[in-house]
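Here's the structure, in structure tokens; my notes come after.
Taken together, the values in this text are just the output of simple stated rules run on the coordinates, not laboratory data. Small disclaimer: the values here were computed from a predicted structure and weren't measured. Backbone-built Cβ (ideal geometry, glycine too); neighbour counts: all protein chains shown.
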Amino acid sequence: MLSEKRRFKCRVLKLKQQSWLSTDKNDGAKLKILLIAPPVFDFYFTTHRMEPLGLEYIREALETAGHSVTLYDSTASGKVKTVATPPEFAYLSEFYEEDASPFSLHCGYKRLGDSFQKIIDFIGKNDFDLIALSSLFSPYHPDVENLAAEIKKITKTPLCIGGTAVNAQKKRIAGTTNADYLNCGNGAITLPLLADAMSGKIGFDEVKGLIYRKNGGIFMNEPSFEPAWCGSLIPKRDNLRYFRKKRIAKVVFSSGCRNRCAFCSIHRDNKLAYRGISHIKMELEYLQSIGAEVIDIEDDDIFSNREYATQIFEILEEMHEKGLSYTAMNGMTVRNILPFAARLAKAGFIKLDLSLVSAEKSVADHLHRPHGIAEIEKVVELTEGKTEIEVFLIPGLPGTDVRDTCTTLLHLNKLGVKGGLSPLYLVPGVPMFEEMGIPGNVRLCRGSALYPFDGKTRADIASLLKISRFLNYSLDHKNDENYEVFLNYFNESLRRKRWFRLGKDGIWRDSFDFFCDFEL
């Protein structure tokens with residue numbers, strides 16, 4: 001029988017012959033790994049939220065295991081290029097058109113980040129042993145697959161794709177992917193184990209969350225959904241984005257959510273867990289040391305534990321005194337924040353996004369929402385205007401009505417609060433949406449697609465977006481010299497049920513018709 005040492009050497013030699021390991025490595029076990037945050041294609045972006053925090057955690061885990069890791073953050077360049085609109089979005093052309101008015105929508109399909117060719121050129125100039133691509137949202141997964149196909153044209157280097165898009169549709173993706181491997185679950189667990197498997201240290205069947213092909217079949221290992229910070233990781237950061245001219249970094253203090261909202265997938269895989277207070281403070285101190293000025297807290301259910309939340313607020317207040325400010329752009333649960341609302345400004349919150357979804361109690365109850373408009377009003381009262389608040393609704397969810405949504409937007413406006421709209425987006429794997437029918441083309445699952453509405457409802461939902469844009473504009477710009485002109489065209493649009501749009505040449509033209517009687 002072969003000795004264990006010899007068996008190990010044989011496995012490494014076999015992998016080298018398959019170009020899975022660099023031939024210039026001395027130890028044959030430490031890999032040169034490339035992590036890629038791919039460009040995003042859509043009609044609009046929130047650029048300051050594009051930090052690839054998940055990949056940063058994975059990089060930290062891989063480097064801790066001794067590997068050489070490069071993180072290619074393709075959106076860090078901030079480059080935006082208008083590209084051809086996919087034919088499946090042709091029906092949106094009447095809504096997304098040139099408009100310089102404060103009630104405009106999007107115009108043109110765009111790519112945020114570096115081109116595929118630039119990424120391919122970077123790969124071609126380097127010698128990697130493993131390439132990993134993140135795929136965070138199902139509607140964008142086709143673009144990730146297109147990039148994967150281009151990568152595989154120039155290299156035999158093993159390619160892995162992971163992220164929530166894979167978690168949601170792993171069986172479907174496994175049958176068609178251009179990648180050699182898929183990662184379901186926590187990549188900070190899977191990727192170091194995959195590196196071990198490629199180095200011959202363990203079998204591929206021992207890699208948690210790995211999906212791979214073998215002997216003509218597809219094998220799916222049991223995934224790990226441990227929190228991103230497992231092992232007390234604090235990822236180093238590069239390429240901080242800017243929010244209102246200040247450097248911003250994303251953090252997570254907890255994992256999972258105790259709520260069971262019918263439209264959400266967070267509670268499906270992620271158990272509720274909290275980071276240690278001292279660990280959180282260490283990360284905040286680190287982020288401040290590298291120049292971060294604003295911290296965006298991305299948690300789904302932060303502050304749900306009163307004792308834990310009290311300790312968090314003490315840390316936030318302490319670090320705010322040292323210069324840090326905070327946002328919560330992933331949306332906080334109002335019920336959780338209510339006991340601390342009067343402390344938000346003191347703690348350093350400059351913007352607070354709250355998730356209402358619908359102000360209609362029957363809808364909220366049906367969707368298992370934990371709060372309503374009354375809690376929103378109380379938070380607004382307690383913050384006394386010292387923290388900017390934006391409340392998000394999801395028009396188009398089953399049971400919602402466009403008139404009710406419009407009424408809620410107007411109510412929020414009178415409270416001095418911005419109303420954000422996230423048109424219905426379908427989340428694969430969530431029972432409510434699976435029952436509605438996930439489209440074969442998952443690109444249509446994004447909110448900007450205004451799918452699956454019929455023509456009449458789509459025009460009304462698009463009109464709600466215009467109304468919310470103008471109401472939010474009115475909160476800050478009523479003293480602008482052109483405000484009355486914009487207000488007149490806005491009101492006239494509502495009266496005649498046909499929108500005006502303002503061209504770059506300064507000429508007002510007709511836009512699309514809508515059907516609902518909006519009363520403002």
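Across segment 241-422, the relative contact order, built from alpha-carbon pairs under 8 Å that are at least six residues apart, equals 18 percent. Converting phi to 3J(HN,Hα) with the Karplus coefficients 6.51, -1.76 and 1.60 and the offset θ = phi - 60°, segment 301-314 yields 9, 5, 6, 6, 9, 4, 5, 5, 4, 4, 5, 4, 4, 4 Hz in sequence order, with x at every glycine or proline.
Restricting the calculation to Cα atoms, segment 125-198 yields a radius of gyration followed by a Dmax of 11.8, 34 Å.
Between residue 378 and residue 310, the FRET efficiency estimated from the beta carbon spacing at R0 = 22 angstrom works out to 0.70. Candidate cross-link partners of residue 418 among the lysines, defined by an alpha-carbon separation under 22 Å and a same-chain spacing of 8 or more, comprise 245, 246, 346, 351, 361, 378, 386, 466, 478. Per residue, the convex hull spanned by the alpha carbons of segment 157-263 comes to 182 Å³. Compared with the direct C-alpha span, the chain from residue 482 to residue 91 gains 137.5 nm at full extension, assuming 0.36 nm per residue.
For the chain, the dipole from Cβ point charges (+1 on Lys and Arg, -1 on Asp and Glu) about the Cα centre works out to 1680 debye, to the nearest 20. Taken one residue at a time, the phi angles of segment 321-332 give Karplus couplings (6.51, -1.76, 1.60, θ = phi - 60°) of 4, 8, x, 7, 10, 9, 10, 9, 7, 7, x, 9 Hz. Gly and Pro are set to x.
Once both labels are positioned 7 Å from their Cα atoms along Cα-to-Cβ, the gap between residue 176 and residue 401 label points is 3.9 nm. Using only Cα atoms and rounding to the nearest 10 degrees, what angle (0 to 90) does helix 4-17 make with the longest principal axis of the chain? The angle comes out at about 60 degrees. Take every pair of alpha-carbon atoms less than 8 Å apart whose residues are at least six positions apart; their mean separation over the length of segment 335-492 yields a relative contact order of 20 percent. Fully extending the segment from residue 342 to residue 286 would add 17.4 nm, taking 0.36 nm per residue of separation and subtracting the current Cα-Cα distance. Annotation: the chain has a Kirkwood hydrodynamic radius of 24.8 angstrom, from the mean reciprocal C-alpha pair distance.
Amide H to amide H, with H built 1.01 Å from N, residue 391 comes under 5 Å of 354, 418, 419, 420, counting only residues 5 or more places away or on other chains.
Legend: calculated FRET efficiency, residue 278 to residue 219, from the Cβ-Cβ distance at R0 = 45 Å, rounded to 0.05, equals 0.65. Residues whose amide H comes within less than 5 Å of that of residue 512, counting only those at least five positions distant or on another chain, are 499 (H built at 1.01 Å from N in the peptide plane). Among the trypsin sites (Lys or Arg not before Pro) found in segment 281-344, those both in a DSSP coil and sparsely packed, with 13 or fewer other Cβ atoms within 10 Å of their Cβ, are 322. Charges were assigned to the Cβ only: +1 to each Lys and Arg, -1 to each Asp and Glu. The resulting dipole of segment 241-422 about its Cα centre is roughly 220 debye. A Förster radius of 22 Å, combined with the Cβ-Cβ distance separating residue 204 from residue 120, puts the computed FRET efficiency at roughly 0.20. Distance from the C-alpha centroid of segment 449-520 to that of segment 292-370: 31 Å, rounded to the whole angstrom.
Across segment 437-520, Cα pairs under 8 Å and at least six residues apart give a relative contact order of 23 percent.
Only DSSP H runs of four or more residues enter the estimate; each adds -39500 (n - 2.57), and after division by the residues of the chain the mean residue ellipticity at 222 nm equals -10500 deg cm²/dmol. Cβ-to-Cβ counts within 10 Å put 411, 67 in ascending order as 411, 67, the fewest first.
Over all orientations, segment 241-422 has a Cα convex hull whose mean projected area works out to 10.2 square nanometres. For segment 70-128, the extents of the C-alpha atoms along the principal axes are 48, 26, 12 Å, listed from largest to smallest. The slack in the chain from residue 495 to residue 474, taken as 0.36 nm per residue of separation less the alpha-carbon distance, amounts to 5.7 nm.
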